[in-house]
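Peer 1: Submitted below is the structure of interest, expressed as structure tokens.
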Amino acid sequence: MVAMNDKFLKPYNPQETEPRIYKMWEESGFFNPDNLPARHQEPFTIMMPPPNVTGILHMGHALMLTTEDIMIRYQRMQGKKALWIPGTDHAAIATQSKVEKEIYKKEGKNRFELGREELLKRVDQFAKDSHDTIISQVKTLGSSCDWSREAFTLDENRNLAVRTVFKKMYEDGLIYQGHRIVNWDPKGQTTISDDEIIYTEEKTKFYYLKYGPFTIATARPETKFGDKYVVMHPEDKRYAKYKHGQKIDLDWINGPITATIIKDEVIDMTFGTGVMTITPWHSKEDFDIAVRHNLDKEQIIDKYGKLLPVAGEFSGLKITDAREKIIEKMKAKGLLEKEEDYVHNIATAERTGGKIEPQIMNQWFVAVNKPFTLAHSDITGIKSGTKTTLKEIMRKTVDQGQIKIIPDYFSKTYFHWIDNLNDWCISRQIWYGHRIPVWYRGTEIFCSEEAPKGDGWVQDEDTLDTWFSSALWTFSTLGWPEKTEDLKIFHPTDVLETGYEIIFFWVARMIMMTGYNLGTVPFKNVYFHGTVRDGQGRKMSKSLGNGMDPMEVAQKFGTDAGRLALIIGTAPGTDSKIDENKIRGYKNFANKIWNITRFVLTSIESFDLESKPELTPKDQKILAELQIITKEVTTDIDEYRLYMASEKIYHYIWHTFADIIIEESKGALNGSDEVAKKSIQYTLYEVLKTNLKLLHPFMPFVTEEIWANLPHKNKSLLMIETWPK
RNA sequence: GGGCGAUUAGCUCAGCUGGUUAGAGCGUACGAUUCACAUUCGUAAGGUCACAGGUUCGAUUCCUGUAUCGCCCACCA
């Protein structure tokens, strides 16, 4: 006799169930692969892309965590030694600027008034609070990750990894210091990398200025004070009478100067007047021209965005204030020929919104094209002990198929980026982050993991780009540079699951750093998920007020429902839309399977679970079809088609199991044929059990709760049950 | 300016390597339901698979071009 738990008489209650089940999982210890039963030998690893400690999780995080949890739960049930390491990211600039803004709002102080030590104290506290919130949210979403191995990109172990890598690359000449043109953010008071720039359209004036016998066009007259080179294309017939290197005296903004003619092929003869003057200190293109012809470079704008003494009477003015005044003066001097309206893209800093002012500064860079010897290599196409470059590592690993990108078309984007890649500026003039492990004493310079002995050494003030430590994530989380057992077992990892928007920031740099430090790949597969949008396809944002809080979803509909709503219909790499109706549908589905269980358990009350009755042909057919579905679902998950797998299970449970199998079972259940009755009782229970297993990775809570209340003996937690064949 | 992707039922999308009547979910319409279901079940609605060519015995599915939309990259002074 089988007694049904009374709880099935009421509708499924996710709010009560989910926290209780999560606690049970945690206490079981099975999130940690070391505690799994002996059959779990072959490793399967995912490193969680660490959420920034800048706030709370959004639906994008929920999609990420759900996708990864499905993969991990599935592999765990497949008998893999499944490891999913969770963590958080200090997100240097993002976090510091957020805290800075708050302090300024409340106390009216900027970071320089506060001081390095005090600011770091505040940021640390903020990061800690934020971390705690995030962790509890990750748990609410059902993530079966190993909390005993949790990591933070700025903790001691990760810092050691960073220092170790820096030193090694410094000694290999792959990290170098140099006066080069960088993206300076006057608002954030730091450099940023090319990838942290966002271009926004700006309407402005385009001025045509008389420069001796020439007319030059510019949108930025305030940078023109020091311009003493005038550049044109060598084949431009209009200017054929001027010779390269020729000197010309002319009257400029603040009086007479001597200009030098430069001929260079980068000039576009069709744009403007085909002539331009250059400002090498504040323009990448101009800088390149200056380097090519060995020209002088002069700084015009300081790091606060103010004009330097070279601007004469305009010295000390902010560039925006100076512009009009300069134009007035030029007009008065008769140097302004005409002005036009003009729309162009200006570079702004992603985090602060500051207008980027290129500057020549002494910064640290990673050389991506410089050859070095890779001592040990498991990378296809690069032999151990041969010369290679970081760029080649990035290219070969994907090109040769050692890393598979899903969906495949993103590899095109990836290669395109690599082709245009320049050296990576890694130093930042902010305080929150990994401090550069370099010390100076007079003209001496010292780089190592630890500070040098002796007096008078001063450490470099700068910190590293946050992506530097992120780039080490797959191996720094496993204990590198120690040669740990974990590293041996779990690396390379199996899947990197992340958003396509960080393919360059993170994915490429992980490949580069892992190739360089370990001579291998960080992961075998990259799975990109898309952006989660609202029901109308708009990006969720605070200003639109259309954001959806995963915690509210969990509260209102249950995490399981939210998970399924995020996964079904979401092919890798494509954006997905989600609204409450969709989630409500899957909440009903959770209740549907709850009721199916109720029906099945009521129907088998007289059945002996230990027996294996003779099956009717009809029931044999049902079980055979179930096996086909099982195979299809398994293949879909193996090939990362989670959206298909989940939909198939959903469809099978609702429209085959409930609508057909159960409906048609009623006759036999209520009939007098004992053989048919026993047969369908057995079949119903088998179908239920298999479906719970198939559904578990997708809807872990409701399935585990039902499983716990099934009457058969010798069962373990559903999360470590064997995946059906 | 360069690159990538999308265009399939009212809406949101599937359709993997080309093949009999092109699918799902939601929505809509009608009907049935206190017999597992804070409901559920059944039935239905007639989409030139953006457009134009091509390859093929045969294309929504492959190729070329066009149009519209979206995303990414980019130093046009």
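Peer 1: Select from the stretch A:327-355 the residues that are among the β-branched types (Val, Ile, Thr) and either farther than 23 Å from A:Pro186 by Cα or open to solvent by less than 20 Å² (accessible area, probe 1.4 Å) (or both) and list them in ascending order.
Peer 2: Hits for the stretch A:327-355 are A:Ile327, A:Thr348.
Peer 1: Six or more apart or on different chains, Cβ under 8 Å: which pairs go from a residue in the stretch A:262-290 that's near RNA strand B (Cβ under 7 Å from one of its atoms) to one that's assigned to a helix (DSSP H, G or I) and acidic (Asp, Glu)? Could you list them?
Peer 2: Close Cβ pairs satisfying both conditions: A:Val266/A:Glu285; A:Val266/A:Asp288.
Peer 1: Here is a list of conditions, (1) touching a residue at least 40 places away in the same chain (Cβ under 8 Å); (2) surrounded by fewer than 23 Cβ atoms within 10 Å (Cβ to Cβ); (3) in a helix (DSSP H, G or I), and A:Trp431 meets all of them except one; can you say which number that is?
Peer 2: Condition not satisfied by A:Trp431: (3).
Peer 1: Follow-up question, since we're still on this one. Have a look at A:Lys592, A:Lys582, A:Lys587 and point out the one that is near RNA strand B (Cβ under 10 Å from one of its atoms), within 30 Å of A:Lys10 (Cβ to Cβ) and in contact with a Pro (Cβ under 8 Å, 6 or more places away or on another chain).
Peer 2: Working: A:Lys592 fails: in contact with a Pro (Cβ under 8 Å, 6 or more places away or on another chain); A:Lys582 fails: in contact with a Pro (Cβ under 8 Å, 6 or more places away or on another chain).
Of the residues listed, the single one that is near RNA strand B (Cβ under 10 Å from one of its atoms), within 30 Å of A:Lys10 (Cβ to Cβ) and in contact with a Pro (Cβ under 8 Å, 6 or more places away or on another chain) is A:Lys587.
Peer 1: Of the residues A:Thr514, A:Thr484, A:Thr531, which is open to solvent by less than 20 Å² (accessible area, probe 1.4 Å) and either at pLDDT 95 or above or within 16 Å of RNA strand B (Cβ to nearest atom) (or both)?
Peer 2: Going through A:Thr514, A:Thr484, A:Thr531 in turn, the sole match is A:Thr514.
Peer 1: Could you please give the count of residues in the stretch A:435-462 that are among the basic types (Lys, Arg) and within 18 Å of A:Ala161 (Cβ to Cβ)?
Peer 2: Matching residues across the stretch A:435-462 total 1.
Peer 1: I would also like to ask the following. Out of the residues in the stretch A:408-428 meeting the condition of being open to solvent by 20 Å² or more (accessible area, probe 1.4 Å) and part of a loop (DSSP other than H, G, I, E, B), tell me which one is farthest from RNA strand B (Cβ to nearest atom).
Peer 2: A:Asp423
Peer 1: Here are A:Gly569, A:Gly562: which of them is closer than 19 Å to A:Lys539 by Cα, in contact (Cβ under 8 Å) with a residue 60 or more places away in the chain and more than 9 Å from RNA strand B (Cβ to nearest atom)? Working first, answer last.
Peer 2: Numbers: A:Gly569 fails: more than 9 Å from RNA strand B (Cβ to nearest atom).
It is A:Gly562.
Peer 1: Does A:Glu118 fit the bill of being farther than 20 Å from A:Pro437 by Cβ, out of contact with any Phe, Trp or Tyr (no Cβ under 9 Å at 6 or more places or on another chain) and in contact (Cβ under 8 Å) with a residue 12 or more places away in the chain?
Peer 2: no
Peer 1: Consider A:Thr320 against the criteria (1) away from RNA strand B (no atom under 12 Å from the Cβ); (2) open to solvent by less than 50 Å² (accessible area, probe 1.4 Å): it satisfies all of them except one. Which criterion is unmet?
Peer 2: (2)
Peer 1: Name the one entry in A:Leu601, A:Leu615, A:Leu623 that is modelled with pLDDT of 90 or more, within 11 Å of RNA strand B (Cβ to nearest atom) and more than 40 Å from the chain's Cα centre (by Cα).
Peer 2: Matching residue, one of A:Leu601, A:Leu615, A:Leu623: A:Leu601.
Peer 1: For A:Ala676, state whether it is surrounded by 15 or more Cβ atoms within 10 Å (Cβ to Cβ), assigned to a helix (DSSP H, G or I) and more than 14 Å from RNA strand B (Cβ to nearest atom).
Peer 2: yes
Peer 1: Please go through the stretch A:439-465 and give me each residue that is open to solvent by 20 Å² or more (accessible area, probe 1.4 Å) and outside any loop (DSSP other than H, G, I, E, B), ordered by number.
Peer 2: Result: A:Trp439, A:Tyr440, A:Arg441, A:Glu444, A:Ile445, A:Phe446, A:Val458, A:Gln459.
Peer 1: Show the residue pairs meeting these rules: Cβ distance below 6 Å; 6+ apart or different chains; first residue within the stretch A:191-219 and under 27 Å from A:Asn362 (Cα atoms); second residue open to solvent by 30 Å² or more (accessible area, probe 1.4 Å) and near RNA strand B (Cβ under 9 Å from one of its atoms).
Peer 2: The qualifying pairs are A:Asp195/A:Phe504; A:Tyr199/A:Asn345.
Peer 1: Condition first: within 11 Å of RNA strand B (Cβ to nearest atom), open to solvent by 20 Å² or more (accessible area, probe 1.4 Å), within 43 Å of the chain's Cα centre (by Cα) and not charged (D, E, K, R). Can you find one or more residues in the stretch A:292-308 that meet it?
Peer 2: no
Peer 1: Of the residues A:Ile649, A:Ile628, which is at pLDDT 90 or above and out of contact with any Asp or Glu (no Cβ under 6 Å at 6 or more places or on another chain)?
Peer 2: Details: A:Ile628 fails: at pLDDT 90 or above.
Just one listed residue meets the conditions, A:Ile649.
The values are calculated or read from the model by the stated rules, or taken from the named source; none is laboratory data. Source: prediction; values computed, not measured. Cβ atoms come from the backbone with ideal geometry, glycine included; neighbour counts cover every protein chain shown. Protein only, heavy atoms only, side chains kept; ligands, DNA and RNA dropped before computing areas. Shrake-Rupley method; radii C 1.70, N 1.55, O 1.52, S 1.80 Å.
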